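Reading through the structure tokens given below for one structure.
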Amino acid sequence: MTLDPARVVAQLEELRSLTGDDDGAQRVAWTETWARARAWLADLLADLPLEQHRDAAGNDWYTLPGDSERAVLIGGHMDSVPNGGWLDGCLNVFAGVEVLRRIASQGAPPVTLRLVSWADEEGARFGRSLFGSSAAAGSMADQDDLRQLRDRDGITLPEALAEHGVDLDRALDARSELDSAAAYLELHIEQGPVLESMDLPLGVVLGTFGVERHRITWRGQAAHAGSTPMDQRRDALAGAAKLALEIRDIAARVGDGAVCTSGGVVCKPGIVTSVVETAEQLLDQRHLDAQKLAELLGQAKDASTRFAAEESIDVEWERIWSIEPILFDETLKGFCEEAILEIAGVAHRLPSGPLHDAAEVARAGVPTVMMFVQSLRGLSHTRLEDTHEEHLEMSVAALDRLASKTIEWVAGGGGR
Ligand SMILES: [Zn+2]
């Protein structure tokens, strides 16, 4: 049987109608809709000669046994953000399904091929991204914090996990899944505007940005909006506001693709007649270079100390989460470029701003590469997320080429 990239597009459309609404995809991890999407995936693969199981972290594994147990992995995620797009995460999965289907039809491959559908890549409900892949990679070290996480309705993460048969205390048992992993491949929509601006369908991903994510709490004094003179205020929001603008200059100074985002500020008491007493600010900083990422953070901290003094308020930093920059495997990047050239005639190398499960697998020591397909208008995490159908089909064909090259490489002793 030959590869049928159009089938992938049809499956993505079917998933959209099954698990989306007028506002977009609703496959938030640890919800009923997500469970339904994963069950649908299992059904889709039921006719193939695969071993399938769910690991201790809730990741679903579909294994096509080969002559050798050493395995080439293809990964993706079925979960979405609320009101998300139709391609983020599930394009990777269904492209992987198509590659599995093509290879399975030709008999046992020389090495084992495994498709993994990672649990909770987005962290949309509890704010913790890459749950399943960090457990499998063995890098999950924040169980004590995870136990405290609650969603908007007050449900704890362990409670939500338990509803889906996952025990947080055992999640790291998923590590054994990577024991046989020789190489890991992931296709993903770019989720940014770079490939479209260059008029290119596909790109080789150099690595993923390192991330520093912090909660910054500014503390001043609530005071009456009418009776407190302007020069006698200790306004917590003033510190947050200054920092929200300063991070633009910090990103420009550090350069080389640096990005900083102040994604939210919550003010208390939050009423029109009071000076703000506390402002809780969220800050996300990313860079492909570890040294420069440290500079982004250091400069933001210095600026916050300065602003606190200027406004006679206090400032406190709390790290929510961080990950170092992760560079992908040189050999696999070469294969990825070859595959793209064969399908599209032209390739480009670019870093990934968003995080991906591939970063966790790479830092577990498994040679890894990602391929990006162009996103229209650079939009993702919205129902407006889209990619030309022609480009989606090219991405499936290129992933198939990449998988073939990687299987050959691993069969010849390459990979881990
Ligand atoms: Zn994704």
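Readers should treat all values here as calculations from the given coordinates under stated rules, not as data from a laboratory. Keep in mind that what you see is a predicted model, and the values were worked out from it rather than measured. With ideal geometry, Cβ positions are generated from the backbone for all residues, glycine too; neighbour counts draw on all protein chains shown.
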Ordering of 114-120, 20-26, 202-208 by burial proxy (mean other Cβ atoms within 10 Å per residue, highest first): 114-120, 202-208, 20-26
Computed helical MRE - 222 nm, the chain, DSSP H runs ≥ 4 contributing -39500 (n - 2.57), nearest 500: -11500 deg cm²/dmol
Gain on full stretching of the segment that runs from Thr382 to Ala39 - 0.36 nm per residue minus C-alpha separation: 121.1 nm
Farthest positive-ward along the chain dipole, Cα basis, beta-carbon charges - from Met140, Thr305, Leu168: Thr305
Cβ crowding within 10 Å averaged over residues, with 43-49, 95-101, 254-260 ranked highest first: 95-101, 254-260, 43-49
Percent of beta bridges antiparallel (DSSP, the chain, rounded to nearest 5): 70 percent
Rounded to the nearest 20 debye, dipole of region 1-104 from Cβ charges on Lys, Arg, Asp, Glu: 180 debye
Acute angle (nearest 10 degrees) that the helix 236-254 long axis makes with the longest principal axis of the chain, alpha-carbon atoms: 50 degrees
Pairs of Lys in the chain closer than 26 Å at Cα, counting only those 8 or more apart or on different chains: 7
Within a Gaussian network of the chain (alpha carbon springs, distance under 10 Å), most fluctuating of Asn92, Asn83, Asn59: Asn83
Acute angle (nearest 10 degrees) that the helix 330-344 long axis makes with the longest principal axis of the chain, alpha-carbon atoms: 70 degrees
